[in-house]
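A quick write-up on the structure given underneath.
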Amino acid sequence: MAQASDVDFKTKLQHWIPKVVLSPSLFLVLLFVYGFILFTVYLSFTDSRILPSYGWVGFENYSKLWRLSHWTTSLTNLGIYAFLYITICTGLGLGLAIFLDQKIRGEGILRPIYLYPMALSFIVTGTAWKWFLDPGIGLEHTMHLWGWESFKFDWIKNRDYAIYTVVIAAVWQTSGFVMAMFLAGLRGIDSEIMKAAQIDGASNWNLYRRIVIPLLRPAFLSAFVILSHLAIKSYDLVIALTGGGPGRATELPATFMYSYTFTRNQMGIGASSAVIMLMTIAAIMIPYLYAELKEKK
Amino acid sequence: MSASAQNQAVQTGRITRTFIYVFLLVASLFYLLPFFIMLVNSLKPLSEITGGNMMALPQTWTIEAWGAAWSTAQVGVEPTGLRPYFWNSIKMVVPAVVISTVLGALNGYVLTKWRFRYDTILFGLMLFSCFIPFQIVLIPMARILGMLGISGTTTGLILVHVVYGIGFSTLYFRNYYAAFPTELVRAAQIDGAGFFQIFRRIMLPSSGPIIVVCVIWQFTNIWNDFLFGASFASGSGAPMTVALNNLVQSSTGVKEYNVHFAGAILAALPTLLVYIVAGRFFVRGLMAGSVKG
Amino acid sequence: MRYFGKKSMIAAALMATTSMAQAADVEVLHWWTSGGEAAALNVLKEDLSGQGIGWNDMPVAGGGGESAMTVLRARVTAGDPPTAVQMLGFDILDWAEEGALADLNAVAAEEGWDAVVPAALQAFAKHDGKWISAPVNVHSTNWVWANKAILDELGIAQPGSWDEFVAALDAVKASGKTALAHGGQAWQDATIFDGIVLSVGGVDFYRKAFIDLDSEALGSDQMVEVFNRMATLRGYVDDNFSGRDWNLASAMVINGEAAFQIMGDWAKGEFLNAGKTPGEDFLCFRVPGSAGAVSFNSDQFAMFGVSDKDAMSAQGAMAASIMSPSFQSAFNVVKGSVPARTDVPNDDFDACGKQGMAELAAAAEADTLVGSIAHGHANRASVKNAIYDVVTAHFNGEYDAETAAEELVTAVEIAQ
């Protein structure tokens, strides 16, 4: 705490400056984030259709929401997608980071190669992925041209597997970023600890499993936060790759919400799905923030 | 130099090393593949794309598609290409990135070095704001921009991006400054330095890496945004992503894939450039920043 | 003060427009960004600039206008709506109910629109007796496009009935080619559905089930038959159909990889662009069993409320230009559709276009002109999309025809 031992004006001013500096940001966040969240909660109890309106309908939107079979489909999809996406991104990111940390020649070239997908917008990258995954022109077709006639890869056309192709493209886009976070974590570990462990005769495997990976805990947590927020917000990816299809097989809550709010003119139902999404996020984030911020004190 | 020094501790055998190299190379193929598809097909004439193998190298190399995407492709009533929209994006992204980075730096500085009661709760509130789905803010945001009279202007768009960038930029700077020795700040205070003096003389000079991280993150997100750009900019002031979308999503007519891919790469060039130029500092910045927990 | 009070919002919208709109410019929100469409729109732009009216272009492509509709919502909420917005069917009426649209009666009376626009179309261009939008074209969806060379080679005559159509599809399939070119996207599945509903139950059933939303008709045996026919068609598409864009499916027919495509008349533009001639290289005919009926959708420019005198006159001039016979002809020749007014000479149109114009006039006369389910001219967006859900789920094999009919009843009920 900034101790104000003198009570002259300047010190008082110094005492207030930090709060004054913080307040515009706080004001913006309170209004544009929390104000809008409250507004959305309110909308979810109204009969809003094309624009917000104020006829109170109680929980009707919520009960309609849970009767819609593709809302439950989209939740199941999010479960599968988020689990695989977070696990694979973390695993791949960690693996790449550990390997890249072994005095690799050409690290300066490899690192941007892993990172660059984050820089591209999915509006068109989606098309490239769509082609690649399409059995008629993509990987399957190419393998056939190269003589491997029995090769089959038609997940994107299959109702049961299409969601996994979304995972593949999503992993491609962000795992490099996760790699960078782990790499940074690894570079931050005191090399004395490693040396000591090696002198004790620990194998490489044990060294990483027992010492290095536990030390990366903050990196794991950051990665988890960033990945889960990306997973829940995933929208462009699905639209570009499958458009929610085949049928409605790859619908996610974000696409569901958008379509009810803006294309189906059922803003009330869209708002209620948004509220459920926000509650889910809060359920994941608040324990994390609590743990994180308590540790700091 | 110590920060980016290679980890010296692990000894690996020849077989392991070979395996590592193979793994890393295979991984890089995975990452490069979509870019390869885009690049190769942007250099082919259209007939070769629709008739042939999408992985094959062009038989006739041509940069016609690139010229078309830049200056003659149809993105509206007039065939202007992406060129006029490029500057719109620059005009929006530069101020938005600068403002949100400055705000993030000041917030991080206050939250770590000038702590007060409940400051962690305020930080928690800001952090949670990163998670708001953008779809729900569209309508209320439009209303507020309308009331402020900046709807359909670049100023309005900058405001929107600054607001939704504060959460992440504050997160980055706060975690970075948390590791910065508070004693230095106290010493300067005793010497009579004020709030802004300390920030300028002591904090800023050592903030290079985290500024890079924050700029990269913000630049990428703002540059690639479509929803806000389409909703809150006027037709001729629309950012590049909106123009790219109009180029790619047109509903009828022959799909000129070569032009689409060329356009996509053109639209991504600034972000790619930022990644490559600043990429070296990126890991270093992350190391000191967000992953310290 | 309530921030989002509807009345205050519209009032704000009107005031803001006054201060922002330049003396005589029109701002036009649309999603016609492909070469041919944009060129056709440019005709309108040139026409207006001849009258000293500037054109402020605001294209937002994507999802058949979905992105544009989202943007429109933001613009209206901000109190800064565009002058004119490309729009379809019930969306126009929804906005009219919000009180956001202009009154074009003065122009309409002067130009005599009431006499020349078919009544079925007026239902979407007028609200409470006021003209609110200017229809540009009439598309119709129950068309089949066929590759003539394939049919000739296999000795298939143009099918006139459902059974003949199935026999023709069988013959093509046996030859190893793809019988039906199709893209598995919800709206494309629903476009086929339009034609099949007409072919099974005719106009009366169509109206009862999909315009009146009679739950008995929605769950009837006839509906089960509709879904059975959808499943039959599903058997003739290739393995890679899902997610394919419609114009790539058209390309399959053009290139001789596939024999038939069921698609709206915008598909014709693809054939013409590829240098094909109707009657010689490709055939156009109504979905077998649905001849005589026409399911239509119409692109219109809905005019948003402006209060400034100059802006109003610019808007009126734009509406008049859209409805002028010369623009209607020029635009629709390019777009593949037919004019929205029935008194436009058909000289510049090709064989399919002439057929379409004649059939439209006949259907309007005989009261067999119905709004397309798939394209938002039968129901509001919520119901339309609920129907999409069931049709596309069934088409992708999620459930059988009986279940589909049951699901349809439930889905429509929830969406209402």
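Examine the range C:240-248 for a residue that is surrounded by fewer than 17 Cβ atoms within 10 Å (Cβ to Cβ), within 14 Å of chain A (Cβ to nearest Cβ) and over 21 Å from the mean Cα position of the chain (by Cα), and state whether such a residue exists. No; the residues of the range C:240-248 include none that is surrounded by fewer than 17 Cβ atoms within 10 Å (Cβ to Cβ), within 14 Å of chain A (Cβ to nearest Cβ) and over 21 Å from the mean Cα position of the chain (by Cα).
Of all the numbered requirements in (1) away from chain A (no Cβ under 14 Å); (2) touching a strand residue (DSSP E or B) at 6+ places or on another chain (Cβ under 9 Å), C:His182 misses one, and that requirement is (1). Does C:Met263 qualify as being within 30 Å of C:Leu72 (Cβ to Cβ) and either away from chain B (no Cβ under 14 Å) or among the aliphatic types (A, V, I, L, M) (or both)? Yes, satisfied. Among residues of the range A:86-106 that are within 7 Å of another protein chain (Cβ to nearest Cβ) and crowded, with 17+ Cβ neighbours inside 10 Å, those with a Cβ under 7 angstrom from a residue that is small (Gly, Ala, Ser) and part of a helix (DSSP H, G or I), sequence gap 6+ or separate chain, pair up as A:Leu96/B:Ala27.
Here the condition is being under 23 Å from the mean Cα position of the chain (by Cα) and modelled with pLDDT under 85; of A:Gly176, A:Gly201, A:Gly147, A:Gly185, it holds for A:Gly185 alone.
So that you can scan it fast, the table gives a plain yes or no per residue for (1) under 26 Å from B:Thr153 (Cβ atoms); (2) of a type outside the set (A, V, I, L, M, F, W, C); (3) more than 24 Å from the chain's Cα centre (by Cα); (4) outside any helix (DSSP H, G or I):
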| position | (1), (2), (3), (4) |
| --- | --- |
| B:Leu32 | no, no, no, no |
| B:Ile49 | no, no, yes, no |
| B:Pro58 | no, yes, yes, yes |
| B:Ser100 | yes, yes, no, no |
| B:Leu111 | no, no, yes, no |
| B:Leu122 | no, no, yes, no |
| B:Ser129 | yes, yes, no, no |
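Screening the range B:29-53 for residues that are among the small types (Gly, Ala, Ser) and surrounded by fewer than 15 Cβ atoms within 10 Å (Cβ to Cβ) and picking the one that is farthest from the other protein chains (Cβ to nearest Cβ) gives B:Ser47.
Note on the range B:160-231: enclosed helices (runs of 4 or more DSSP H) holding 3 or more residues that are farther than 14 Å from B:Gly108 by Cα are B:182-190, B:208-224. Against the conditions (1) buried (at least 23 other Cβ atoms within 10 Å of the Cβ); (2) closer than 21 Å to C:Gly184 by Cβ; (3) out of contact with any strand residue (DSSP E or B) (no Cβ under 6 Å at 6 or more places or on another chain), C:Ser290 satisfies every one except (2).
Given the structure, is A:Phe45 away from chain B (no Cβ under 13 Å), surrounded by 16 or more Cβ atoms within 10 Å (Cβ to Cβ) and farther than 30 Å from A:Pro218 by Cα? Against the criterion (away from chain B (no Cβ under 13 Å), surrounded by 16 or more Cβ atoms within 10 Å (Cβ to Cβ) and farther than 30 Å from A:Pro218 by Cα), A:Phe45 qualifies.
Results for (1) crowded, with 22+ Cβ neighbours inside 10 Å; (2) within 14 Å of chain C (Cβ to nearest Cβ); (3) of a type in the set (Phe, Trp, Tyr), shown as yes or no for each residue.
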| position | (1), (2), (3) |
| --- | --- |
| B:Phe134 | no, yes, yes |
| B:Ile158 | yes, no, no |
| B:Phe173 | yes, no, yes |
| B:Tyr176 | yes, no, yes |
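Of the residues making up the range A:250-297, those that are surrounded by fewer than 18 Cβ atoms within 10 Å (Cβ to Cβ) and over 29 Å from A:Ala169 (Cβ atoms) are A:Ile286, A:Pro287, A:Tyr290, A:Ala291, A:Leu293, A:Lys294, A:Glu295, A:Lys296, A:Lys297. Being away from chain C (no Cβ under 13 Å) and β-branched (Val, Ile, Thr) holds for only one residue in B:Thr182, B:Thr153, and it is B:Thr182.
A:Ala219 fulfils the conditions (1) modelled with pLDDT under 85; (2) surrounded by 23 or more Cβ atoms within 10 Å (Cβ to Cβ); (3) more than 11 Å from chain B (Cβ to nearest Cβ) except for a single criterion, (3). Can you find even one residue in the range C:102-111 that is aliphatic (A, V, I, L, M), part of a loop (DSSP other than H, G, I, E, B) and within 10 Å of chain B (Cβ to nearest Cβ)? Among the residues of the range C:102-111, not one is aliphatic (A, V, I, L, M), part of a loop (DSSP other than H, G, I, E, B) and within 10 Å of chain B (Cβ to nearest Cβ), which makes the answer no.
Within the range A:1-60, if we keep just the residues that are in a loop (DSSP other than H, G, I, E, B) and aromatic (Phe, Trp, Tyr), the residue that is modelled with the highest pLDDT turns out to be A:Phe45. Residues in the range A:201-227 that are in contact with a helix residue (DSSP H, G or I) (Cβ under 6 Å, 6 or more places away or on another chain) and part of a helix (DSSP H, G or I) were compared, and the one that is nearest to A:Leu68 (Cα to Cα) is A:Leu227.
Screening B:Pro270 against (1) within 12 Å of chain C (Cβ to nearest Cβ); (2) surrounded by fewer than 24 Cβ atoms within 10 Å (Cβ to Cβ) leaves a single unmet condition, (1). Cβ-Cβ distances below 8 Å connect the following pairs, each with a first residue in the range A:10-30 that is without any contact (Cβ under 8 Å) to a residue 12 or more places away in the chain, a second residue that is polar (S, T, N, Q) and part of a helix (DSSP H, G or I), and a separation of six or more residues or different chains: A:Val21/B:Asn107; A:Leu22/B:Asn107; A:Ser25/B:Asn107; A:Ser25/B:Thr170; A:Val29/B:Ser129. On inspection, C:Ala171 qualifies as away from chain A (no Cβ under 14 Å) and either farther than 18 Å from C:Phe296 by Cβ or touching a strand residue (DSSP E or B) at 6+ places or on another chain (Cβ under 8 Å) (or both). Which residues, taken from the range C:228-265, are more than 28 Å from B:Glu256 (Cα to Cα) and either free of Cβ contacts under 8 Å to residues at least 40 places away in the same chain or out of contact with any Ser or Thr (no Cβ under 9 Å at 6 or more places or on another chain) (or both)? Matches in the range C:228-265: C:Asn228, C:Met230, C:Ala231, C:Thr232, C:Leu233, C:Arg234, C:Gly235. Given the condition within 30 Å of C:Ser215 (Cα to Cα) and either in contact (Cβ under 8 Å) with a residue 24 or more places away in the chain or not assigned by TED's automatic domain parsing to the domain that holds C:Met69 (or both), answer yes or no: does some residue in the range C:349-361 qualify? Checked the range C:349-361: at least one residue is within 30 Å of C:Ser215 (Cα to Cα) and either in contact (Cβ under 8 Å) with a residue 24 or more places away in the chain or not assigned by TED's automatic domain parsing to the domain that holds C:Met69 (or both). Only one of the numbered conditions (1) touching a strand residue (DSSP E or B) at 6+ places or on another chain (Cβ under 7 Å); (2) touching a residue at least 40 places away in the same chain (Cβ under 8 Å); (3) of a type in the set (A, V, I, L, M); (4) within 9 Å of another protein chain (Cβ to nearest Cβ) is not met by C:Val136, and that is (4). Check the range B:73-82 and report whether any residue there is at pLDDT below 90 and surrounded by fewer than 18 Cβ atoms within 10 Å (Cβ to Cβ). Looking through the range B:73-82, at least one residue is at pLDDT below 90 and surrounded by fewer than 18 Cβ atoms within 10 Å (Cβ to Cβ). Contact annotation: residue pairs with Cβ atoms under 6 Å, 6 or more positions apart or on different chains, pairing a residue in the range A:126-151 that is more than 12 Å from B:Ile37 (Cβ to Cβ) and more than 13 Å from chain C (Cβ to nearest Cβ) with a partner that is among the aliphatic types (A, V, I, L, M) and assigned to a helix (DSSP H, G or I), are A:Phe151/A:Met143.
Residues being within 11 Å of chain A (Cβ to nearest Cβ), of a type in the set (A, V, I, L, M, F, W, C), over 23 Å from C:Gly54 (Cβ atoms) and in a helix (DSSP H, G or I) are entirely absent from the range B:72-91.
The values are calculated or read from the model by the stated rules, or taken from the named source; none is laboratory data. The shown structure was predicted, so the numbers you read here are calculated from the model rather than taken from an experiment. With ideal geometry, Cβ positions are generated from the backbone for all residues, glycine too; neighbour counts draw on all protein chains shown.
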